[in-house]
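S.K.: Can you keep this structure in mind? I'll have questions shortly.
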Amino acid sequence: MDVPLVLDAILRVRGQSKDEIVEELLIHATEMVNLNPVMMDREFDSDPVRRTVSARI
């Protein structure tokens, strides 16, 4: 059974883009576990975020 698990939370810095947020979260999370698949809120559904995830996973 697959269960979503929250691995990290960070404070958002004013002016920080969503792909920068995702990159920081992925850096921390991949130090703990192997991620596949990555699921996130639809608010983060954008090409820059997808490229960041593809580059990190």
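What follows is calculated from the coordinates using simple rules that are stated; it is not laboratory data. Keep in mind it's a predicted model, so treat the numbers as computed, not measured. Methodologically, a virtual Cβ is constructed for each residue, glycine included, from the backbone with ideal geometry; neighbour enumeration extends over all protein chains shown.
S.K.: DSSP loop (so not H, G, I, E, B), at most 12 other Cβ within 10 Å: list which trypsin sites (Lys or Arg not before Pro) in the chain pass both filters.
M.R.: Those satisfying the criteria are ARG12, ARG14.
S.K.: So what is the relative contact order for the chain, in percent, with contacts set as C-alpha pairs under 8 Å and at least six apart?
M.R.: In percent, rounded to a whole number, it is 42.
S.K.: Expressed as cubic angstrom per residue, what is the convex hull volume of the alpha carbon set of the chain?
M.R.: About 89 Å³ per residue, rounded to a whole number.
S.K.: Along the Cα→Cβ direction, 7 angstrom out, place labels at ILE10 and ILE27. What is the inter-label distance in nm?
M.R.: According to this spin-label approximation, the distance is 0.6 nm.
S.K.: Given the DSSP H assignment, sum -39500 (n - 2.57) over each helix run of at least 4 residues in the chain and divide by its residue total; what's the result at 222 nm in deg cm²/dmol, nearest 500?
M.R.: Only helices count here, giving -14000 deg cm²/dmol.
S.K.: Through the Karplus equation 6.51 cos²θ - 1.76 cosθ + 1.60, θ set to phi - 60°, convert the phi angles of segment 31-40 into ³J(HN,Hα) values in whole Hz; use x for Gly and Pro.
M.R.: Here the 3J(HN,Hα) series is 6, 9, 9, 8, 9, 5, x, 9, 10, 8 Hz.
S.K.: Multiply the residue separation of ARG51 and GLU20 by 0.36 nm, subtract the distance between their alpha-carbon atoms, and state the gained length in nm to one decimal.
M.R.: Here the answer is 10.0 nm.
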